[in-house]
Number of protein chains: 2
Amino acid sequence: MTIVQSTVYEPLTEQKATALAVRLGLFRDGAPLVCREIGDGNLNLVFHIVDQETKQGVIIKQALPYAKVVGESWPLTLKRAVIESNALRTFASFVPQYVPNVYYSDESLAITVMEDLSHLQIARKGLIEGKTYPLLSRHIGEFIAKTAFYTSDFGMNQQEKKKLAQSFVNPELCKITEDLVFTDPFFDHDTNNFEDELRPDVETLWNDDRLRLEAAKLKRKFLTEADVLLHGDLHTGSIFASTDETKVIDPEFAFYGPIGFDLGQFFANLLLNALSRPEFERQPLFDHIDRTWDVFASIFSELWRTKSIETYAATPGLLDDVLRHAFVDAVGFAGCEVIRRTIGLAHVADLDGIEQKEARLAAKRHALRLGRRLIVERNELTGTDGFRRVFAETE
Amino acid sequence: MTIVQSTVYEPLTEQKATALAVRLGLFRDGAPLVCREIGDGNLNLVFHIVDQETKQGVIIKQALPYAKVVGESWPLTLKRAVIESNALRTFASFVPQYVPNVYYSDESLAITVMEDLSHLQIARKGLIEGKTYPLLSRHIGEFIAKTAFYTSDFGMNQQEKKKLAQSFVNPELCKITEDLVFTDPFFDHDTNNFEDELRPDVETLWNDDRLRLEAAKLKRKFLTEADVLLHGDLHTGSIFASTDETKVIDPEFAFYGPIGFDLGQFFANLLLNALSRPEFERQPLFDHIDRTWDVFASIFSELWRTKSIETYAATPGLLDDVLRHAFVDAVGFAGCEVIRRTIGLAHVADLDGIEQKEARLAAKRHALRLGRRLIVERNELTGTDGFRRVFAETE
């Protein structure tokens, strides 16, 4: 691979991105290349460069030194590009089939050059269109099980784990989650964003001391439990999918956190999609939740039995305890995600895209009741069937 | 302060240590200095340099690049000297009255130059002599409350906290605790060390699945909960004391861990001393445990109410939940410490120093029963009174 030395950050242009791809030797000489910037412009530039003859492409993702998440720019560390490429490489060492191949990264330019996945579709978009992606949950269950196990104190040398966790300390991106997922939606904070009609429902949430206490406990877990390397933002918009392939992208929020967090985010985004569908089309979403958990628990357990380096691994009851806590936490984290995607700063197209206003408001009210129940009753759910039950009871 | 550049590690001699103190300007010119190496030679060199006229002294502590903890040398990072001096400085920013003043540190020489505390006595030694140190628990309770609160997500900026935790990642020293406190004593491991007469009692422990499961959960907390900056080895041998002064030394095990850990280690070492005393002399130890907790909980709560930066701090029930978990964990950690100091690699003079063999064995059997009950029943103890009760019930 060609070595490209860069020492000063500058935002790439389509021309410079193409030149970089050529310098890196990613295309044959003289290939007719076309480059388009396809990012949303809020956090990153994303260049899609394609050889017009072979149709082969690459992606160059470049972090911008600011974010537009709250309407105006705020400075945001470029180090997240390093976190992202390191996370993709770490995940690839366990589940190469579920992440894009990283060809090159450059810390000073804050870029990651990686596999073009444009033959796939963002799962959120497909789910909104009514697709079901039959293998999605099997793949995500395996992705979470393997990345969690092999980065945990059970699956890797416990001293190396501490150093790996040290390299993924990610204060700025974690703060976004701490604020937008775990805090602001539970208080009358100006980042919140919801229809006026929902105000009575939202104020009921804000005055719910029991809910607030449980949300606080979940936030504390997120702040303190350095359990496994998480993707950190595993919603359906961070997943490319087709009927037979699944690729997890955008792990710039990666950090060491509680094992249930990625599971909870994923569950929540399946629930958010279910909330947007008529009842008779919801079954595939609940089936996905069941299968994600079953595949996760089954693979994690098998790895535990065969690959654990922890002396206590064979202790009767320990694996059950770890899985039980992962599940309970996942239910609670899912509740936080459902609520914040309904009334917080960053919504999802699944709910916001419901055209008929009364139906949209009804779905959002349902979301708030569902999220609340998942948070406060997380210890009472005995399995993924509980999602179906609580979903129905809060309709 | 004079700047002393050193780039290559070499163990100091008494002569070189004296020369360093002079170069640092810690003594007046021409002072008649006497230097003695007073360390135990296992992990560190400790030079005590005294001006024979003024009787003023300093301590130069130098980490050795090996440890003799298991009978033979094993390599051990010199970075622990940096951890130690940084921890002392961090603690000093909250409770300067309870740590030695650090005058100088040098990373390449692995040295910390600090206040001479030889007018005080190691608390373990004094307690064994029957001293009671009336202010010991008040001071340690305040030390733990303030260092814990101000390094937690409630007492400091949550992004700065992550960076502080990153600077205290301490794999090698944590491994010693993970092995010697949380693992080896619960398995038939060759680091264990106990009288042959105790073998039946020890084997009962090793065959106790419930105990092993609970010890495993406590170990996992130690491995994963990055809650507050801990001293990491807060036994009575890490505390200098007199009737009116208390100084915490030797924080080379410092790292971000569960809030109950330092409390538990301290409780356990008070219990180990109580185990070595006749019943009528135990009361001061239990009083110390009560007061440590009461002072800790009271100061921590006051700081929480007046200084917390966490939006959720005012949520009803949250402080109680944090304190309750700190207490339950402390009880469990205390149980692990009592057991490992009885049958593990590193014993305490409190128990080993009981001259009459049958009395010593009886005290150690009591210790094993006490430690076990604290671990498995930690959730049932409602307050520090529980230590008295379980102590009496396991006699």
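Before moving on, here are some points about what is shown:
- With the simple model of a label 7 Å out from the Cα in the direction of the Cβ, B:L135 to B:Q166 spans 4.0 nm.
- Computed over chain A, relative contact order equals 17 percent, with contacts defined as Cα pairs under 8 Å that lie 6+ residues apart.
- The stretch B:76-153 - percent relative contact order, Cα under 8 Å, separation 6 or more: 27
- Evaluated over the stretch A:95-160, the Cα radius of gyration and Dmax, each in Å: 15.9, 46
- Starting from the label point of B:T132 at 7 Å along Cα→Cβ, the same points in the other copies fall at 7.6 nm, in ascending order.
- FRET efficiency for the pair B:Q283 and A:V34, taken as 1/(1 + (r/R0)^6) with r the Cβ-Cβ distance and R0 = 60 Å, rounds to 0.10.
- Shielding by other protein chains, A:122-128, mean Cβ within 10 Å: 0
- Modelled spin-label separation between A:N207 and A:E393, with each label point placed 7 Å from Cα along the Cα-to-Cβ direction: 2.4 nm.
- In percent, rounded to a whole number, the relative contact order of the stretch B:248-358 is 44, using alpha-carbon pairs under 8 Å and six or more apart.
- q = 0.16, 0.25 Å⁻¹, the stretch A:32-122: log10 I(q)/I(0) [Debye, one scatterer per Cα]: -0.71, -1.28
- Each residue of the stretch B:92-109 was assigned a 3J(HN,Hα) from its phi angle through the Karplus expression (A = 6.51, B = -1.76, C = 1.60, θ = phi - 60°), giving 4, 6, 10, 9, x, 5, 10, 9, x, 5, 9, 8, 6, 9, 9, 5, 6, 7 Hz with x at Gly and Pro.
- The stretch A:199-320 shape via C-alpha gyration tensor axes, a/c threshold 1.5: oblate
- Folded to 0 to 90 degrees: helix B:171-180 orientation relative to chain B principal axis, Cα: 40
- Exceeding the 25 Å Cα-Cα cut-off - candidates A:K217/A:K357; A:K61/A:K217; A:K162/B:K219; B:K146/B:K217: A:K217/A:K357; A:K61/A:K217; B:K146/B:K217
- From its DSSP helices (H runs of at least four residues, each -39,500 (n - 2.57)), chain B gives a residue-normalised ellipticity at 222 nm of -15500 deg cm²/dmol.
- Highest-first packing order for the peptide set B:84-94, A:91-101 is B:84-94, A:91-101, based on the mean count of other beta carbon atoms within 10 Å.
- For the peptide B:180-192, the mean number of other protein chain Cβ atoms found within 10 angstrom of a residue's Cβ is 1.
- Rounded Å value of the spacing that divides the Cα centres of the stretch B:311-359 and the stretch B:102-166: 18
- Sorted from nearest, the other copies put their A:E195 label points 7.7 nm away, the label point being 7 Å from Cα in the direction of Cβ.
- Sparsely packed GluC sites (Glu not before Pro) within the stretch B:283-373, loop by DSSP, other Cβ within 10 Å at most 16: B:E355
- Principal-axis tilt of helix A:158-167 within chain A, Cα atoms, nearest 10 degrees: 70
- Highest-first arrangement of A:187-194, A:343-350, where packing means the average Cβ count within 10 Å: A:343-350, A:187-194
- Taking the convex hull of Cα positions in the protein assembly as shown, its mean projected area over all directions (nm²): 36.7
- Virtual paramagnetic centre 7 Å along Cα→Cβ of B:R23, amide N under 11 Å, in the stretch B:105-123: B:109
- Cα Rg, Dmax (largest Cα-Cα span) when computed across chain B, Å: 21.1, 65
- Residue by residue, the stretch B:292-298 carries 3J(HN,Hα) couplings of 4, 5, 4, 5, 4, 5, 5 Hz when phi is fed to the Karplus relation 6.51 cos²θ - 1.76 cosθ + 1.60 (θ = phi - 60°); x denotes Gly or Pro.
- Between amide H atoms placed 1.01 Å from N, distances below 5 Å from B:Y256 occur with B:L230, all of them 5 or more places distant or on a separate chain.
- Sequence of B:K217, B:K79 once ranked by neighbouring C-beta atoms within 10 Å, starting from the fewest: B:K79, B:K217
- Extension reserve of the B:N42-B:Q15 stretch, reckoned as 0.36 nm per residue once the Cα distance is removed: 7.7 nm
- Subset of B:K55/B:K125; B:K175/B:K307; A:K307/B:K221 violating a 25 Å alpha-carbon distance limit: B:K175/B:K307
- Neighbour counts of other Cβ atoms within 10 Å put B:T147, A:T77, B:T183, A:T243 in the fewest-to-most order A:T243, A:T77, B:T183, B:T147.
- Look at the stretch B:312-324: the mean tally of other chain Cβ atoms within 10 Å of its residues' Cβ atoms is 4.
- The angle between the Cα long axis of helix A:136-151 and the longest principal axis of the Cα atoms of chain A comes to about 80 degrees, rounded to the nearest 10.
- Within a Gaussian network of chain A (alpha carbon springs, distance under 10 Å), most fluctuating of A:F280, A:F240, A:F300: A:F280
- Inter-copy label distances at A:K16, using a point 7 Å along Cα-to-Cβ, come to 5.1 nm with the shortest given first.
No value in this document is a laboratory result; all are computed from the given coordinates. Quick caveat, the model's predicted, so the values are computed rather than measured. Positions of Cβ are generated from backbone atoms using ideal geometry, with glycine treated the same way; all protein chains shown enter the neighbour counts.
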